[in-house]
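Read the figures in this text as sums done on the coordinates, not as results from a lab. None of the values given here were measured: they were computed from a predicted structure. A quick note on method: Cβ atoms are made from the backbone with ideal geometry, for glycine too, and the neighbour counts reach across all protein chains shown.
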Amino acid sequence: MKNSLLENIDLNRIDIEKLINKYEEEYDFTDKISMEQIKLVENNLGISFSSDYVWFLENYGSGGVLGIDVLGIARNNIATVENITERLRKEFNLDNKMYIVEDCDEFFYCGKSGEDKIYYWDREEGIGKVEAGSFLEFLQNRIIGAAENFE
């Protein structure tokens, strides 16, 4: 069954910005991040972020709306994406090509270096199904799902 809200939204960055703006409250996001900061985190993790995730980092840093908390890089250079990814690599053998974009406590959503897809991952089963074909699709699905739960 298709989501009627989802059918009315084109999947591009401008529409994602509009969707974020619709639900955004003060302090939901940390702030814009420089490409230099992003490259430093990519180098530290030994991966390349997808272009859509880089766009999110450049424009929002980290954070989210409606209770969604996308990991990223804060203005003070605290890189939650790096910290959580490194911890899961050490404690739970997260593949070195993966990076965590959202920590949902019992499970995680992650990207894979060189790919646009977002995957489901948990500590016991490891990588699971593809959740979205791109970070933008993932973000759109998460925001619309959260909005429906709040209505």
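Listing for the model above:
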| quantity | calculated |
| --- | --- |
| All lysines inside 21 Å of K97 as judged from Cα atoms, apart from same-chain residues fewer than 8 positions distant | K39, K112, K117, K129 |
| From phi via Karplus (6.51, -1.76, 1.60), per-residue ³J(HN,Hα) for the stretch 71-82 in Hz, x at Gly/Pro | 5, x, 10, 8, 4, 7, 6, 6, 9, 4, 4, 6 |
| Dipole-positive endmost among I14, I118, S51 within the chain (Cβ charges, Cα centre) | S51 |
| Protection proxy ranking of 106-114, 38-46 - average other beta-carbon atoms within 10 Å, highest first | 106-114, 38-46 |
| Anisotropy class of the stretch 53-108 from Cα gyration tensor, a/c 1.5 cut | prolate |
| Additional length obtainable on full extension of the chain from E124 to A74, 0.36 nm per residue less Cα span | 15.1 nm |
| Phi-based couplings in Hz for the stretch 137-144 (Karplus 6.51, -1.76, 1.60; Gly and Pro marked x) | 4, 4, 5, 4, 4, 5, 5, 5 |
| Neighbourhood charge, 12 Å Cβ-Cβ cut-off, centred on E24 and excluding it, Lys, Arg +1 and Asp, Glu -1 | -2 |
| Net dipole in debye of the chain [+1 Lys, Arg Cβ; -1 Asp, Glu Cβ; about Cα centre; nearest 20] | 440 debye |
| Principal axis box of the chain, alpha-carbon based, largest edge first, Å | 40, 34, 25 |
| Overall dimensions of the stretch 62-151 as given by Cα atoms, namely Rg and Dmax in Å | 12.9, 39 |
